[in-house]
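Report on the following structure.
The numbers here are math on the coordinates, done by the rules we state, and not lab data. Because the structure is predicted, anything quoted here is derived from the model rather than measured. Here the Cβ is made from the backbone with ideal geometry for all residues, glycine too, and neighbour counts use every protein chain on show.
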Amino acid sequence: MGWLDKLVGKAEMIKGLDHVAIVVSDMDRSIKFYTEVLGLNLLLDGRSGGGEKKSFLGTKSKAIVALSEDKNRLEQKGQYVEGVNHVAFGVENIEKSSKTLSDKGVEFVEVKMGDDGKPEAYHFLDPDGLELEIYGQSEKEVPKY
């Protein structure tokens, strides 16, 4: 029995994570970062809607990130931004993905190494200072970190 079974019991109500909602200070800047740097698709552009201006980004078939704009949001650099430690994205090829990000000017704030001495995860900041992570897909029930 896994740790999640112990926590919620055998009848699982939660089946997985749908998307992460992130408050950003500049919607245009954040959409540019999440599409051009991370390669997510803009699925719903909420900038014309006013108010919260919620925009959804993700893969061709699934929303992963929902952005809401608050121009008064304080920028924090990699600290626990509004109570969030970091958001992790699984990637198929960690070496290729880290090189792509590096080539686009992303500076890594931490690289986590596996037992084999090879990088398993790269941490970096979005334009508002929220820490993001890419990690190689793992079949492990609980991430190592």
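Summary of computed values
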quantity	calculated
Alpha-carbon centroids, segment 56-72 and segment 96-112: separation in whole Å	21 Å
Above-threshold pairs, the threshold being 27 Å between Cα atoms, out of K53/K99; K32/K62; K60/K96; K54/K99	K53/K99; K54/K99
Peptides ranked, highest mean first, by Cβ atoms within 10 Å: ranges 104-111, 119-126, 24-31	119-126, 24-31, 104-111
Environment charge at S98 (Cβ cut-off 13 Å; Lys +1, Arg +1, Asp -1, Glu -1)	-2
